[in-house]
Ligand SMILES: Nc1ncnc2c1ncn2[C@@H]1O[C@H](COP(=O)(O)OP(=O)(O)OP(=O)(O)O)[C@@H](O)[C@H]1O
Ligand SMILES: [Mg+2]
């Protein structure tokens, strides 16, 4: 179900908005427009939907408009143009009071520098959202303490934010957001200010939390690895425009243009790409019909020493080596059943490449990719390594 | 020749205009001014009387104890308070001191009551800031005794016009620092308050004023000291207090008396300054 829908949303900062609008329509660049009109394109013509329970990541370089876009969602910034729907309600049309209600009940925000109030204790910070809604004192204290307890921070409730480490402060930021029990979490570079280890820990916690609570999360980052790690889908922004939306895999295997490609170059692909992107067409033989002679012929043609065996329905049966086939053919056997080996490893197609790298180097044979018993492909060392290093995987359709 | 070049512009009767304007005000609001004058005079006199009811020794002790606790239990200011105030009492200036206290207390409180809301308004609206800022600049570049002129025009002579002039003179720092303090609240925190659905008032009370507090206190401290510095000037239009002794010593060239009254003012100023500063300590 769609939770957030963004339709043709544009935000231009500064004066001469109409002039700037004309220039963007003429495809002028952001710097040209700034020079000519003094107006800055924050976001231009953004269109996307976020489904309920999804982690939607917005990614892009500094100044690409990520923060502007997320602030349009709760209208900390008013759009110049376009409509934003939350649960089907057009929030661009709400008056102040209605908007406050949406902010209080539906969405909470987590900030890059935590956004904790320095003059309030951890507990008072966590209570903030409930307090301004007018939740009775005792009830809000209980809720806030529960949220802090879940974050493992209850013992710190009477301390001030400055007394906590960065990671702890951000946990408070998250607890404050969750204490409100919102449907939607807006997180603007929430983990960017943390050091790498803590950051990874927080990502895990977020994923874990998502498993349990099924919030809809819009998450901003400028780090592709982070995006790939936590995002169900990723939107990539450049100069205020969204240039590609897709799963991490889609973006890696099928980048929309050179910009996206360059963005994805230094990513650790093994953590994102699945074996589906690295497998090749298997050389296979029908064990029910063919004999050793055909097998040898095929192996010679394809220049391989191992051939995969399937039945008529392409169900994976095992493999046959060239030596065995030669022996069998010398013995004059007509069938392959006698020399069929079945100690080959199989993996489903959605296995991460990262997870087969180890087994592959130990195994003398290639690894078969099998889904519901059917043979889909085969993994060969050289091809897998090549997939990891190339900027577009061979599983994707090339647009060159 | 050159000197005469600008003479083709006839001299503008600005002074007349201002006078007409003031006449207009005094004529139309005469009853209001006289009400304020009467009511103000009465309440200030009773306040002074109240202060004078307190035995000086008790008064000195109370202030010293406040000073002791306000400065985190250090003895410096407390001892200074005892010695200084005892000296003033010893010089037979106690009544004058109490009159001065009244003047400073009233003008500071009024300046704060007016100044903080104006500062808040300024911080919330760039238009308001652009209008008010030059007015504050103007107010601060004027010598303090200029304000005596409208004060006398509205309220005659005495303590009320003294307070009026002091308020105008002492107002700007509170306004400026309130504005500054609120504008200095980090943007992310304001966004946090907004994103949770705070109303404007909630944001002001729960976030902006608490965070701006120490800046505002610095402004208030300056306001108090400025209103104290108006004490001598206000005595020119008949406001009672230590200032009057300084002034009369000045007029009669009595160096000794002038020195004593002057030093009493300085003692009072130091106590007030340190006290208001130490009230402004951070807890987080
Ligand atoms: N209030 C504003 N007034 C004018 N221009 C603004 C304003 N806020 C943002 N911009 C401009 O809009 C563009 C997008 O800014 P934004 O903060 O959304 O980028 P970002 O992707 O979040 O960058 P970063 O990674 O540095 O946070 C930038 O060119 C910025 O200068
Ligand atoms: Mg940003």
(message) Considering only residues that are away from ligand 1 (no atom under 16 Å from the Cβ) and in contact with a strand residue (DSSP E or B) (Cβ under 8 Å, 6 or more places away or on another chain), which ones fall in segment A:154-206?
(response) A:170, A:173, A:174, A:176, A:177, A:178, A:180, A:182, A:183, A:184, A:185, A:206
(request) Provide a single number: the residues in segment A:54-71 that are away from ligand 2 (no atom under 16 Å from the Cβ) and part of a loop (DSSP other than H, G, I, E, B). (result) 1
(message) So residue A:133 passes all but one of these: (1) in contact with a helix residue (DSSP H, G or I) (Cβ under 8 Å, 6 or more places away or on another chain); (2) surrounded by fewer than 19 Cβ atoms within 10 Å (Cβ to Cβ); (3) more than 9 Å from every other protein chain (Cβ to nearest Cβ); (4) under 28 Å from residue A:211 (Cα atoms). Which condition number does it fail?
(response) (3)
(message) I'd like to verify a number: residues in segment A:149-170 that are in a helix (DSSP H, G or I) and more than 13 Å from residue A:128 (Cβ to Cβ), how many?
(response) 12
(message) Which of the numbered conditions does residue A:124 fail, given that it passes all the others? Conditions: (1) more than 11 Å from every other protein chain (Cβ to nearest Cβ); (2) surrounded by 15 or more Cβ atoms within 10 Å (Cβ to Cβ); (3) farther than 29 Å from residue A:79 by Cβ.
(response) (1)
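On the given criteria, is residue A:138 at the interface with another protein chain (Cβ under 9 Å from one of its Cβ atoms), free of Cβ contacts under 8 Å to residues at least 12 places away in the same chain and surrounded by fewer than 23 Cβ atoms within 10 Å (Cβ to Cβ)? Explain how you work it out, then say what you get.
Details: at the interface with another protein chain (Cβ under 9 Å from one of its Cβ atoms): no; free of Cβ contacts under 8 Å to residues at least 12 places away in the same chain: yes; surrounded by fewer than 23 Cβ atoms within 10 Å (Cβ to Cβ): yes.
In short, no.
Find the residue count for segment A:50-64, including only residues that are in contact with a helix residue (DSSP H, G or I) (Cβ under 6 Å, 6 or more places away or on another chain) and away from ligand 1 (no atom under 11 Å from the Cβ).
If we filter segment A:50-64 for residues that are in contact with a helix residue (DSSP H, G or I) (Cβ under 6 Å, 6 or more places away or on another chain), which is where we start, we get A:55, A:57-60.
Checking which are away from ligand 1 (no atom under 11 Å from the Cβ) leaves us with A:55, A:57.
Final tally of qualifying residues: 2.
May I ask you to say which residue of B:226, B:180, B:204, B:171 is in a helix (DSSP H, G or I), at pLDDT 90 or above and within 14 Å of another protein chain (Cβ to nearest Cβ)?
Details: B:226 fails: within 14 Å of another protein chain (Cβ to nearest Cβ); B:180 fails: within 14 Å of another protein chain (Cβ to nearest Cβ); B:171 fails: within 14 Å of another protein chain (Cβ to nearest Cβ).
Checking each option against the conditions leaves just B:204.
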(request) Please indicate, with yes or no, whether at least one residue in segment A:72-94 is under 21 Å from the mean Cα position of the chain (by Cα), within 15 Å of ligand 2 (Cβ to nearest atom) and either crowded, with 23+ Cβ neighbours inside 10 Å or not in a strand (DSSP E or B) (or both). (result) yes
(request) Tell me, yes or no, whether segment A:211-227 has at least one residue that is touching a strand residue (DSSP E or B) at 6+ places or on another chain (Cβ under 8 Å), away from ligand 1 (no atom under 16 Å from the Cβ), touching a residue at least 40 places away in the same chain (Cβ under 8 Å) and farther than 17 Å from residue A:70 by Cα. (result) no
(request) Give just the number: which of (1) surrounded by fewer than 17 Cβ atoms within 10 Å (Cβ to Cβ); (2) over 18 Å from residue B:42 (Cβ atoms) does residue B:120 not satisfy? (result) (1)
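Taking the stated definitions as given, is residue B:133 in contact with a helix residue (DSSP H, G or I) (Cβ under 9 Å, 6 or more places away or on another chain) and within 30 Å of residue B:28 (Cβ to Cβ)?
yes
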(request) Scan segment A:3-53 for residues that are free of Cβ contacts under 8 Å to residues at least 60 places away in the same chain, part of a strand (DSSP E or B) and away from ligand 2 (no atom under 16 Å from the Cβ) and jot them down. (result) A:49
(request) Quick one: in segment A:13-49, of everything that is within 12 Å of ligand 1 (Cβ to nearest atom) and either within 29 Å of residue A:232 (Cα to Cα) or not assigned by TED's automatic domain parsing to the domain that holds residue A:83 (or both), which residue is surrounded by the most Cβ atoms within 10 Å (Cβ to Cβ)? (result) A:43
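Might you let me know whether segment A:105-121 holds any residue that is within 11 Å of another protein chain (Cβ to nearest Cβ), more than 25 Å from residue A:189 (Cβ to Cβ) and not in a strand (DSSP E or B)?
First, pick out the residues of segment A:105-121 that are within 11 Å of another protein chain (Cβ to nearest Cβ): A:105-121.
Still in the running and more than 25 Å from residue A:189 (Cβ to Cβ): A:121.
Then keep just the ones that are not in a strand (DSSP E or B); that gives A:121.
Within segment A:105-121 (the criterion being within 11 Å of another protein chain (Cβ to nearest Cβ), more than 25 Å from residue A:189 (Cβ to Cβ) and not in a strand (DSSP E or B)), the answer is yes, since at least one residue qualifies.
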(request) Among the numbered conditions (1) in contact with a helix residue (DSSP H, G or I) (Cβ under 6 Å, 6 or more places away or on another chain); (2) in the same structural domain as residue A:381 (by TED's automatic domain parsing), tell me where residue A:252 comes up short. (result) (2)
(request) Name, by its number, the condition in (1) closer than 29 Å to residue B:133 by Cβ; (2) surrounded by 16 or more Cβ atoms within 10 Å (Cβ to Cβ) that does not hold for residue B:18. (result) (2)
(message) Being more than 8 Å from chain B (Cβ to nearest Cβ) and within 16 Å of ligand 1 (Cβ to nearest atom) narrows it down to one residue among A:87, A:78; which is it?
(response) A:78
(request) Could you identify the single residue in A:153, A:206, A:123, A:194 that is more than 16 Å from ligand 2 (Cβ to nearest atom), under 20 Å from residue A:217 (Cα atoms) and in contact (Cβ under 8 Å) with a residue 24 or more places away in the chain? (result) A:206
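For every residue, the table says whether it meets (1) more than 30 Å from residue B:157 (Cα to Cα); (2) in contact with a strand residue (DSSP E or B) (Cβ under 9 Å, 6 or more places away or on another chain); (3) away from every other protein chain (no Cβ under 14 Å); (4) at pLDDT below 85.
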residue	(1), (2), (3), (4)
B:198	yes, no, no, no
B:213	yes, no, no, no
B:222	no, no, yes, no
B:231	no, no, yes, yes
B:242	no, no, yes, no
B:249	no, no, yes, no
B:268	no, no, yes, no
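The values are calculated or read from the model by the stated rules, or taken from the named source; none is laboratory data. Quantities reported herein were computed from a predicted structural model and do not represent experimental measurements. All Cβ positions, glycine included, derive from the backbone under ideal geometry; neighbour counts span all protein chains shown.
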